Structures are given as structure tokens and as C-alpha cells.
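Report on one structure; see the data block that follows.
Please treat every number below as a calculation from the coordinates, not as lab data. Note that the structure is a prediction, hence the values are computed from the model and not measured. Cβ sites come from the backbone with ideal geometry, for glycine too, and all protein chains shown count toward neighbours.
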Amino acid sequence: MVKKLETAVLLVGGGGSRLKSVTKGDIPKPLVEVNGKPIINWSLDWLKYNGIKNIIFATADKRQKIQEYMESHENLGLKVQYSENPYDSGTGGAFKKAIEEFVPDEDFVAMNGDELTNLDLYEMARQHFSHKPLLTMALSPLYCPFSIAELERENNSNVGKLTRFRYGLYVQDLLVSIGIYIFNSGIKNLLPKKGSIEDSLFTRLAQDGRVLGYMLKYGEEWTTINNPKDVKIAENKLRTWSKI
């Protein structure tokens, strides 16, 4: 029997302070529209396309608005549950509470609710089940929006000949986490009750060799939304992604 993922935990409790010009301080960040649909709608469409049936929202304030949206759209055909957390619980505490309350699955998706991607989750899951790590982390080459200069320095001084100049490119040898993971249930007791999961857990697990990195393949992309400029970037990317 082929193992499949059916459940995803989404962190949707961020305040979205850098999006206040869009949210006006009233709309929850997950409901900010991108190409006519809320961010959360795009994320859930992608998860559904990849076989996910059960959604747990780890919320903070404004849960009611998210719940009202979901119920008015018949939960987008998904089974939806909510785990409420105080702001100071951090990503670790939010994941821990949601998982302990609602996730009996042996393996499941855990992600930030503002990540948009056309990643093939089925293939990521296949690698996760094959290698059996405690967690699999999706990775992307770092996109640098700045001008990158390569300098041939004179005797290690601060001047030299500019040999190459590039703008807006992916730096292939620098990888960043895209905030999308597959957790094995064994992680539950290791999650902190409060604090950042990145600082408190991921570093230690990586040092112990218990984290599998999964790079986006050619043609796969990712973007996140933190400010109004990111909304425009996401709108352009979504127009080219055929499977969301």
C-alpha cells in the first residue's frame, strides 16, 4: 500500500504588521487577496491538489474572520479544525498545541499559511517515506533581488576589478527553507511549548542528522507574502503556475 499524506497544519496567527496598508489592521493576513482570491485559498487549493483532506489552522486573534470565510465557502471541500494560541507561543508552541489536539497521523504536512508554491508535494512525500527522517524540509535557492557584483580584489584590499555584475538571480549554492515541512509524529514530544521552532529545534535535529532536505525541482517555484510588494510578486508568479 502506497503511503499518502492526508493532513496539514497551517500557521495562520501572524499579525501581518507589514501588510497594514493592505489589511487596514482589520483583515487577517491569510485573507489578503492575491489575484482575486485570499492567500489561504491558494494554499488550500495546492494542498487539495496534492491529496490533503484534513486542515488544522493554528490561529491567534481574528480566528473568527478566518472561520467565517471558510464556512461561507463550505470549507473548500476540506475537513477543517482550529487550534487557538496566544501570540507568545511562537511557531514551536503553535505547532505543538495543534498537533497534540488534532493530528493522529504518523506523517503530515506542517507549514506557514502565507507560503505559495507549485512544489510537487507527492514527490516530496515519496522521498520522506523512503528516507524516514523525523522531518523533511522543502528548500529553494536564495533569490537575491539586489545587484550582485563579483570583485577581483587587489591583495585582499577593499578595491579591485569588477569582473561580473548580475541582477535578480537565484543563488544556487545558498538554500533557504520555504516554510513547508513534512513531520513524522515522533517530533511531537520534541516541539517546544513556546518559542521559535527554527531556533529551538531545527538546528539540533539537523546536527543529529534527522532532517531531510528536499530541493525544489526545475520549474518549481515558491514565494511568500510579508509586504505589499510581495503581493505583486505573488500575483505575477501565480499566473504562470498551472497546477494551483
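Listed values, structure above:
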item	result
Phi-based couplings in Hz for segment 214-228 (Karplus 6.51, -1.76, 1.60; Gly and Pro marked x)	10, 7, 4, 8, 4, x, 8, 9, 8, 8, 10, 10, 10, 8, x
Cut-off under 5 Å, modelled amide H: who pairs with Asn85 long-range	Thr59, Ala60
Equivalent ellipsoid semi-axes - Cα gyration tensor, segment 79-194, angstrom	39, 17, 14
Mean Cβ count within 10 Å, highest first, over the residues of peptides 120-127, 188-195	120-127, 188-195
Helix 121-131 vs. the chain, principal-axis angle (Cα, 0 to 90°, nearest 10)	90
Segment 1-152, relative contact order in percent, only Cα pairs under 8 angstrom and at least six apart counted	32
Calculated log₁₀ intensity ratio I(q)/I(0) where the Debye formula runs over C-alpha points of segment 32-76, q = 0.19, 0.27, 0.28, 0.29 Å⁻¹	-0.63, -1.19, -1.24, -1.28
Taking segment 122-192 and dividing mean pair separation by its residue count, relative contact order in percent (alpha carbons under 8 Å, at least six apart)	40
With eigenvalues of the C-alpha gyration tensor scaled by 5 and rooted, segment 28-133, Å	22, 18, 13
Phi to ³J(HN,Hα) by Karplus 6.51 cos²θ - 1.76 cosθ + 1.60 over segment 85-90, Hz, x for Gly, Pro	9, x, 4, 7, 6, x
Among beta bridges that DSSP assigns inside the chain, antiparallel share in %, nearest 5	55
Shape of segment 157-244, Cα gyration tensor, a/c cut at 1.5	oblate
Over segment 59-123, relative contact order from alpha-carbon pairs under 8 Å, at least 6 apart, %	30
Protection proxy ranking of 207-219, 55-67 - average other beta-carbon atoms within 10 Å, highest first	55-67, 207-219
Spatial separation of Cα centroids for segment 25-67 and segment 189-221, in angstrom	23
Inverse of mean 1/r across different Cα pairs in segment 74-120, Kirkwood, Å	12.7
The chain: mean projected area of Cα convex hull, nm²	15.7
Derived scalar couplings ³J(HN,Hα) [segment 182-188; Karplus, 6.51 cos²θ - 1.76 cosθ + 1.60; whole Hz; x for Gly, Pro]	10, 9, 8, 4, x, 6, 4
Members of Lys65/Lys97; Lys132/Lys232; Lys4/Lys62; Lys48/Lys188 lying beyond 30 Å, as alpha-carbon distances in this model show	Lys132/Lys232; Lys4/Lys62
